[in-house]
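See below for the structure under consideration.
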């Protein structure tokens with residue numbers, strides 16, 4: 001997808017910029033590539049820098065409630081220090097590395113409702129313009145895919161996914177936000193839990209997997225949250241019975257009470273406690289985008305209820321980017 005915009009800071013006759021991303025979806029910790037295409041205006045301009053910002057739509061909890069916002073989570077300068085002559089066309093190829101904690105936006109090609117974009121910023125003779133946003137997709141790493149597939153085969157269903165501003169206490173989280181994938185319970189656990197939330201925190205060495213259960217209350221006790229964290233390595237993907245592994249995690253999580261530890265299986269590093277996983281008080285995740293993917297025996301990515309998911313995601317992505325561009329136009 002190509003976005004084109006006359007640089008407002010230069011006025012009529014200024015240079016234009018198109019950012020074109022390669023069509024292949026990226027992975028966390030992998031490369032995002034493409035090119036920035038510049039066309040000179042009606043005069044020569046000194047291009048001090050071309051900067052790419054990785055942005056995401058996140059939900060933030062405030063004293064006034066939960067609100068959506070745009071978070072910048074990485075920034076790269078890909079070129080600069082040259083003069084763009086009148087009418088000149090110049091192409092700047094780039095390949096930048098995504099942070100390992102970059103959230104996944106699709107599973108087996110099915111959109112999860114996560115909005116990610118690249119914003120191009122052109123610094124011209126002491127001025128700058130935010131340019132436009134170009135959406136990009138991030139597919140799951142093998143470990144993430146294996147865990148989600150196991151959950152699907154165990155009977156859990158995809159409910160929604162969103163990005164929450166804040167940090168998960170006790171983890172090695174690097175970004176200022178984290179992804180929550182909310183699941184409906186498998187039939188065998190429906191009497192114990194309302195939903196399960198999964199968060200992946202990837203690093204070069206492996207993956208922290210945070211599980212949180214919204215447990216149902218009993219006759220003599222109210223409902224409460226239980227939390228467990230597990231660490232796995234990237235090279236375990238092909239040597240693990242993931243259905244048995246993940247089922248063991250879920251069973252331990254649902255047996256946790258108070259501050260009791262939920263232990264892992266098969267000797268993997270694991271640690272956890274029950275209670276709220278968030279650093280900020282009172283935060284609870286919302287329903288995300290309300291997308292619903294039916295989970296069948298083949299995993300979480302199977303099926304779209306009523307064919308509505310893709311349309312909803314496309315509409316909301318479009319609204320997000322158009323709203324951001326309008327804001328930029330007002331500032332110019």
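Could you check the range 88-113 and list, in sequence order, the residues that are assigned to a strand (DSSP E or B) and either crowded, with 22+ Cβ neighbours inside 10 Å or touching a helix residue (DSSP H, G or I) at 6+ places or on another chain (Cβ under 6 Å) (or both)? Once the filter is applied, which keeps residues that are assigned to a strand (DSSP E or B) and either crowded, with 22+ Cβ neighbours inside 10 Å or touching a helix residue (DSSP H, G or I) at 6+ places or on another chain (Cβ under 6 Å) (or both), the range 88-113 yields 107, 111. Checking every residue in the range 124-133 against the condition of being in contact with a strand residue (DSSP E or B) (Cβ under 8 Å, 6 or more places away or on another chain), over 30 Å from residue 13 (Cβ atoms) and in the same structural domain as residue 58 (by TED's automatic domain parsing) gives zero matches.
Looking at this structure, is residue 60 in contact (Cβ under 8 Å) with a residue 40 or more places away in the chain and under 23 Å from residue 141 (Cβ atoms)? Against the criterion (in contact (Cβ under 8 Å) with a residue 40 or more places away in the chain and under 23 Å from residue 141 (Cβ atoms)), residue 60 does not qualify.
In the range 33-41 there is at least one residue matching the filter, namely being in a strand (DSSP E or B), within 20 Å of residue 116 (Cα to Cα) and under 21 Å from the mean Cα position of the chain (by Cα). Residue count for the range 1-22 satisfying the condition of being more than 15 Å from residue 119 (Cβ to Cβ) and either part of a strand (DSSP E or B) or at pLDDT 90 or above (or both): 3.
Counting the residues of the range 187-205 that are over 18 Å from residue 225 (Cβ atoms) and at pLDDT 95 or above gives 5. Considered as a group, the residues in the range 73-87 that are touching a strand residue (DSSP E or B) at 6+ places or on another chain (Cβ under 8 Å) and in contact (Cβ under 8 Å) with a residue 40 or more places away in the chain include one that is surrounded by the fewest Cβ atoms within 10 Å (Cβ to Cβ), and that residue is 87.
On the given criteria, is residue 140 crowded, with 20+ Cβ neighbours inside 10 Å and under 23 Å from residue 59 (Cβ atoms)? Yes; evaluated as a whole, the condition is true for this residue.
The values are calculated or read from the model by the stated rules, or taken from the named source; none is laboratory data. The structure presented is a predicted model; accordingly, all values stated were derived computationally and were not measured. Every residue, glycine among them, receives a Cβ derived from its backbone with ideal geometry; neighbour counts consider all protein chains shown.
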